[in-house]
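Participant: Structure provided below as C-alpha cells; questions to follow.
Quick note: the coordinates plus some simple rules give every number you see, no bench work behind them. This structure is a prediction, so every number in the text was calculated from the model and none was measured. Every residue, glycine as well, gets a Cβ built from its backbone with ideal geometry; the counts of neighbours run over all protein chains shown.
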Amino acid sequence: MAQHAWMKDVFGYMLNPVSADDFFNRHHEKKALIVKRDEPGRFLDLLSIKRIDDIVSSGLLDNGPLDMTRADPPVGPGDYTFDNGNIDRGAVARQYQRGATLILPQLHFSDPVLANFCRALEAQLSCHVQTNIYLTPPDAQGFRTHYDDHDVFVLQIEGSKAWRLYDTPVENPYRGEGYQSGAHEIGDPVEEFVLEPGEIAYVPRGLMHDARTHGDGPSLHITVGLIVKTWADLMLEAVSEVALTSPEFRRALPAGYARPDFDRAEARAHFAKLVDAFSQGAKLDNAMAVFVDQFIRSRAPDTPGTIVNFATPLDSSRQYKLKPLVPWRFAGDGKEVVIITAGGEVRFPAEAEPGLHVLLDGGVVSEASFDSLDEEQRRDTIQKLFAFGLVDPLEGDTQPAQ
C-alpha cells in the first residue's frame, strides 16, 4: 500500500497550518473553516479529472453509481441513462457539455486510494466516512442553496469554485432531517470565498450554502461526509439497556391514552419515576460498548492482494505486522479468543492469545510466535490473519517477537 502523506497524519494533510486541536475546539459542529494555501497539487494523490474520465469511459459504472445534477434547468436519470437503467456514456458527456455536474457517489467503495483515505479519517473520528465526487463544468451550478444533514470537508482537487455561506436555520440536524426548499428563508450570504486547488473547507451540518464553478475551467472536488453517532443515539441505547433489566420500562402505555378525555396526571407521575430509574441505572460503558462493536464490525475490510498473494502465508518463516488503520477489539471466553474487526470477527484457539497480543501491541510475528499451537494451527492462524486483512507481510530480516 502506497504511503501517502495522509496515512501518517490525516488532519495535517487536510488542515495544515490549522491544528486538529484548533479545529475541534473552534470549528467542529460550530462554524465553517476555510483553509487557504498555495499548493495546487496537494490533493492530486486522491483523484484527478483524468481519473474521472477513465472511470466513466471505461464502462465500470454502466449500471451506476453515477448521478448528474443541474440547478437550472434540472436534469434527471432519464437524461443520461438507457431505458434499462444502464448509464449512457455519450449522454453523460452531452449533459456535462450542457452544464450538468457529474457526481460519483460513494466512490470510496470501489477506489482503493479513497477507501484508505476514508479509513485514515475513520481511525481518528470513530464515525463512518464517505466520499461524493463532484465534477462541474465551467460557469455552472449543481445544487441550489441548501444545507446538509451531516458535516462535510470539501477538498478542492482541480479548478476553482466560488462558495457562499448563509445562516444556520437548524443547528446539528438529525440524519435524515434534510433541507426542504421554502421551509427556511435564505437571506443574504454571510461569507463568500473561492476555493482553489489544494484548499479545503469544512461546512458543519445545518449551515446553508451554495457553490458554482469559478474561472474558465471545470471544477473537481471531493465532499467527505461524516456520518456520526450522536449523544441522543447513545441515550436511546442506554434506555434500551436499562429496559432489559427493568420491567417497568416494558409495560404498555395506559389504556385509552389516545382518547381526548384521557387524564395524564398518573402517566406524568409514572414517567417521572422512569426518568429517575433511568438516571440511576443507565451505564455509559454498556451503551458505548455496543456502539464500539457496531462501528468496528461495519467497517470495510482492507483485503486487496489477499487473492493474488494467497500463497504468501505458506512460507512459515514469513513475518507480519498489524496492518495500518485496521480497527480491532480483542475478546475471549477461555476456549477461544476473538479479534473483532472490519467485517465481523476472526476466531482463534485460546493458545494463540500470547502471539496475538504481540501483534496487536505493535510487534512482529511469524508462525514461530504461536509455538503453543501445533503446526497446522500455526499455519491456520497466520492464514486467517492474512485473509481477513489484519496483517501485512514484512520485507527484510526483522526478527519476530516470541
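Participant: Which three lengths, in whole Å and largest first, does region 118-272 cover when its Cα atoms are put on their principal axes?
Facilitator: 68, 38, 21
Participant: Filter the chymotrypsin sites (Phe, Trp or Tyr not before Pro) in region 16-106 to those in DSSP coil with at most 13 other Cβ atoms within 10 Å of their Cβ, and list the result.
Facilitator: On the way: sites: F23, F24, F43, Y80, F82, Y96; in loops: F43, Y80, F82.
Loop-located and lightly packed - F82.
Participant: So what's the Cα pair-distance distribution over region 312-393, bin width 10 Å, in %?
Facilitator: Per 10 Å bin, starting at 0, the Cα pair percentages come out as 19, 60, 20, 0.
Participant: Packing-wise, with mean Cβ within 10 Å as the measure, how do 65-72, 151-158 rank, highest first? Present the calculation step by step, with values, prior to reporting the outcome.
Facilitator: Working: 65-72: 17.5, 151-158: 22.1.
Order by mean packing, descending: 151-158, 65-72.
Participant: Treat region 185-291 as a sphere of radius equal to its Kirkwood radius over Cα pairs and apply Stokes-Einstein at 37 °C in a medium of 0.692 mPa s; give the translational diffusion coefficient in µm²/s, rounded to a whole number.
Facilitator: On the way: Rh = 19.4 Å.
Answer from the Stokes-Einstein relation: 169 µm²/s.
Participant: Would you kindly work out the equivalent ellipsoid of region 231-286 from its C-alpha gyration tensor and give its semi-axes, the square roots of five times the eigenvalues, largest first in whole Å? Spell out each step's value before the answer.
Facilitator: Numbers: eigenvalues 127, 24, 22 Å².
Over the Cα atoms of region 231-286, the ellipsoid semi-axes are 25, 11, 10 Å.
Participant: Right, next: Can you list, largest first and rounded to whole Å, the semi-axes you get for the chain by taking the square root of 5 times each eigenvalue of its Cα gyration tensor?
Facilitator: Details: eigenvalues 320, 260, 83 Å².
Largest first, the chain gives 40, 36, 20 Å.
Participant: Also: Given bins 5 angstrom wide, list per bin the percent of all Cα-Cα distances in region 35-94, short to long.
Facilitator: 4, 16, 22, 17, 14, 12, 9, 5, 1, 0
Participant: Sort the following peptides by mean Cβ neighbour count (other Cβ atoms within 10 Å, averaged over residues), highest first: 199-211, 227-239. Write out the running numbers ahead of the final one.
Facilitator: On the way: 199-211: 22.1, 227-239: 14.2.
Those peptides, ordered most packed to least, come out 199-211, 227-239.
Participant: Which three lengths, in whole Å and largest first, does region 5-227 cover when its Cα atoms are put on their principal axes?
Facilitator: Principal extents (largest minus smallest coordinate, Cα): 50, 42, 34 Å.
Participant: I've got another one for you. Just to be sure I understand: of the beta bridges DSSP finds with both ends in the chain, what percent are antiparallel, rounded to 5? Write down the numbers at each step before the final one.
Facilitator: Details: 58 of 58 bridges.
Around 100 percent of the beta bridges assigned by DSSP in the chain are antiparallel ones.
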